[in-house]
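Down below is the structure, laid out as structure tokens.
The values are calculated or read from the model by the stated rules, or taken from the named source; none is laboratory data. Computed from a predicted structure; not experimentally measured. Quick reminder, even Gly has a Cβ in these numbers, built from the backbone with ideal geometry, and neighbours come from all protein chains shown. Only protein heavy atoms, including side chains, enter the accessible area calculation; ligands, DNA and RNA are left aside. Shrake-Rupley method; radii C 1.70, N 1.55, O 1.52, S 1.80 Å.
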Amino acid sequence: MNIIEKKVNVTLCEDPIPYAYEEVPQLEAEDFNKRIESAWNMPQTEGLDFLVIYGDREHFSNIHYFCGYDIRWEESLMIIGRNQKPILFVGNEGLGYSKALRSDVDIKMYQTFSLVGQPNDERSLPLKELLQSCGIVSGCKIGLIGWKMFRKDLFSLNHLITDVPHYIVQTLANITGIENIQNATDILIDCEYGLKHHVTAKEIVQFDAAGTKVSRGVYHFLKNVHPGITKPEAAELIGFDGEPLTMHPSISFGDKNVSKGPEDTQYTRKLEYGMAISAGYGLRGCLVHRSGMYIRSKEDLPEDKKHFVDELVKPYFACVVKWYEMMKIGTCCGDIYQMVEDTLGMEKFHIGLNPGHLSHTDEWTNSPIAKDSKVKLRSGMALQCDFTVGFQSPSMTTHIEDGLVIADEALRLEIQRIAPTCYQRIIKRQQFIREVLGVDLPEEALPLSDLSCVCFPYMADVNTVFAKC
């Protein structure tokens, strides 16, 4: 594959299609009810009487998926009984937040979920009594949903392996018996049948709104940083507006902070040509990130890094091109992994994680892009093109990350029907990737970011990109 430098106007960002916030749909009670119905119709839930879902601030997504409750400082527990109205346990502050729910759930206070030192008074009931009041009794079969699935061969536990807090697990076990509880997180995040990996048109429109906003912020940052700017000054350029995050805004200058993660506050560190630089963040549904060297040309590179563009960035971009070109319905995810291994070499380019993964309102749900994976891409999968490459001596790294969705013709038509502006943005991105970048992007691959597949070899020059020739 021949990779060339190309002078372009990134029209997606310079002449963007405006937001149409009125097109971004809200999920209503009928949407949440449909999700619950879909869960009970899965063969994986056959024989279960209840789904019990735990959540906290970091692990909000699974409860949020079933009822829209956005957990803040507290923990929460959702009880979904077969053919019963769902029940949500919240702490003191959750009582207020829960009033905004559009879903049809009963709310019960469990003050122990509140922050330490807050009222835990006569309104508090023991957890066991609360669970029993939901209909959980001895012998009930429980599907317990936390955050992770686990390899059983790595544990010596006889029954349940879960990340749900011990006191909740033990209380449930005291009622129904530990042998009647199973980890059911797979019904949401299994790569093939997990509910979160069959996204709807409404979800795609929401994810596009996230990707659009973040990508434009990252582009504005890259276009306007300059030598001498400090990190606090640069942070103002990225345009974060307070929406809930899946990854906090990350801005770094210098080798140590870009390649290994921020290790200091960097308040006084100033950007200079020849420095490593990274910027990005994630909103629910899409994360956008860029890292590389803040240079105008190869002349700005230190002598020991003169090979950065030709030996690191160029082969990496060639691999990213192949990754996008494989985003077809029916592509085996193991073949995507093997392509990255054959094109770059996981060890040679220090790719420590999967070369891409599935996502939802939580940034990383699971990844089928693994060695020998048999999972195939299908309509309704939301993915992140996400694999960082680097060399260690000297330390160099580069990364371009964006989200996309695989959508068949029926799903694409539904997006166009409910959000024509969103669909127009997606089509414009596809055209840019094909016509300007030369990438053979499949029709079913819907980019969620205005920077999808855009690689700036010189991070101080947003008018020079790599393209396939």
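In segment 306-337, how many residues are under 10 Å from LYS376 (Cβ atoms), in contact (Cβ under 8 Å) with a residue 24 or more places away in the chain and in a helix (DSSP H, G or I)? Write out each step before concluding.
Let us first name the residues in segment 306-337 that are under 10 Å from LYS376 (Cβ atoms), namely 328-335.
With in contact (Cβ under 8 Å) with a residue 24 or more places away in the chain added as a condition, the list becomes 328-334.
From what's left, in a helix (DSSP H, G or I): 333-334.
The qualifying residues number 2.
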For segment 394-408, which positions are under 19 Å from the mean Cα position of the chain (by Cα) and under 17 Å from GLU203 (Cα atoms)?
ASP402, GLY403, LEU404, VAL405, ILE406, ALA407
Pair list, Cβ < 6 Å and 6+ apart or interchain, from segment 242-269 residues that are within 25 Å of ARG57 (Cβ to Cβ) to residues that are at pLDDT below 85 and open to solvent by less than 70 Å² (accessible area, probe 1.4 Å):
SER252/VAL258
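I'd like the full set of residues that are farther than 22 Å from SER449 by Cβ and within 24 Å of the chain's Cα centre (by Cα), limited to segment 1-26.
The initial filter retains those residues of segment 1-26 that are farther than 22 Å from SER449 by Cβ, namely 1-2, 4, 26.
Residue satisfying the conditions is GLN26 alone.
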When residues of segment 101-118 are limited to those that are open to solvent by 70 Å² or more (accessible area, probe 1.4 Å) and of a type outside the set (Gly, Ala, Ser), the one nearest to ASN33 (Cα to Cα):
ASP104
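Give, as residue ranges, the helices (runs of 4 or more DSSP H) completely inside segment 1-100 that count at least 2 residues that are open to solvent by 30 Å² or more (accessible area, probe 1.4 Å).
11-14, 29-40, 94-98
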Which members of segment 131-153 meet the condition of being at pLDDT below 95 and part of a helix (DSSP H, G or I)?
LYS152, ASP153
So, of the residues in segment 149-166 that are of a type in the set (S, T, N, Q) and out of contact with any strand residue (DSSP E or B) (no Cβ under 7 Å at 6 or more places or on another chain), which turns out to be most open to solvent (accessible area, probe 1.4 Å)?
ASN158
Scanning for something among the aliphatic types (A, V, I, L, M), closer than 30 Å to ALA276 by Cα and either modelled with pLDDT of 95 or more or out of contact with any Gly (no Cβ under 8 Å at 6 or more places or on another chain) (or both), does segment 405-423 turn up at least one residue?
no
